[in-house]
Amino acid sequence: MISINIFSKCPFYGNPKTRLNKLLGVDGCKFIAQQMLIMLLDELCSLKEIADIKIWVYPNYEHKWFNLLSKKYGVTLHKQVGANLASRMITCLDNESNNYTKTILIGSDIPSFTKDLCIEAIDFLDKKDVILGKSRDEGFYLIGIKKYNKFIKLDGEKIEYKKLKINIENLKHSVHTLESLKDIDTPNDLLNL
């Protein structure tokens, strides 16, 4: 079985997408964060026949909006656990890969992500050890694995695609890279969609 895991920051806690504040304001940032997650769920829900789809939320996964999403889309909610983004991702990958044959982790701020890219990642896990989706800001929007065995080194909040790929290849693991996509972090990202 396959585990598809969407990582999301709770739009109702603190100030999501802070670098977009000047352009959108706090309410606009909340709205865009919500809409990107809904778009992703709309895209991925047809894969529920082959995969369990989960939303991992930081910090407040019990917010009523997420409960409504869970019911509407038939997905489960989980709390991201760890001191920073990297440790939260590792916790998810480790836990899920112990229970599934393939584990995919996707960021929730990639409006151009498609189910076809997710299917490509799933299919390539038959041939490769790790699948990466590179974002245009030098980070990554997706990581797919068969088994987490401590070879994926992630540090802190800013995780660079290039360093991650080099680390994986230096340890003799094979990597397939999906097409590069834009994540939405800054006003230029939003204006240049």
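For the chain, the relative contact order comes to 23 percent (Cα pairs under 8 Å, sequence separation of at least 6). Here each label is just a point 7 Å from Cα along the line to Cβ, and for HIS173 and LYS146 those points are 1.2 nm apart. Using equal-weight Cα scatterers in the Debye expression, the normalised intensity of region 32-138 in log10 at q = 0.11, 0.12, 0.14, 0.19 Å⁻¹ is -0.35, -0.42, -0.58, -1.16.
Size descriptor for the chain, Kirkwood hydrodynamic radius: 16.8 Å (Cα pairs only, one decimal). Taking 0.36 nm per residue of separation and subtracting the Cα-Cα distance, full extension of the segment from GLU49 to THR114 would add 21.7 nm. For LYS9, the residues whose amide H sits under 5 Å from its own are TYR58, ignoring neighbours fewer than 5 places away on the same chain, with H placed 1.01 Å from N.
Restricting to bridges with both residues inside the chain, how much of the DSSP beta-bridge set is antiparallel, in percent to the nearest 5?
Values: 9 of 32 bridges.
If we restrict to bridges inside the chain, about 30 percent are antiparallel.
Could you work out how much longer the chain between LYS127 and MET39 gets when fully extended? Use 0.36 nm per residue separation minus the Cα distance between them, nm to one decimal.
28.8 nm
Give me the lysines in straight-line cross-link reach of LYS71: C-alpha distance below 20 Å, same-chain residues under 8 apart excluded. Once the sequence-local lysines are set aside, what remains near LYS71 is LYS9, LYS48, LYS54, LYS79.
For the chain, a crude dipole built from +1 on the beta carbon of Lys and Arg and -1 on the beta carbon of Asp and Glu, taken about the Cα centre, is about 360 debye to the nearest 20. Relative to the dominant Cα principal axis of the chain, helix 161-170 is inclined by about 10°. Can you give the angle from 0 to 90° between the axis of helix 21-44 and the longest principal axis of the chain, with both taken from C-alpha atoms, to the nearest 10? Once rounded, one gets 50 degrees. Taking a straight Cα-Cα cut-off under 17 Å and skipping sequence neighbours fewer than 8 places away in the same chain, the lysines within cross-link reach of LYS163 are LYS134, LYS150, LYS153, LYS172.
Since every read-out is calculated from the coordinates, none of them should be taken as a lab result. Only a predicted model underlies this, so the values are computations on that prediction, with no experimental measurement involved. FYI the Cβ positions are ideal-geometry reconstructions off the backbone, even for glycines, and counts take in every protein chain you see.
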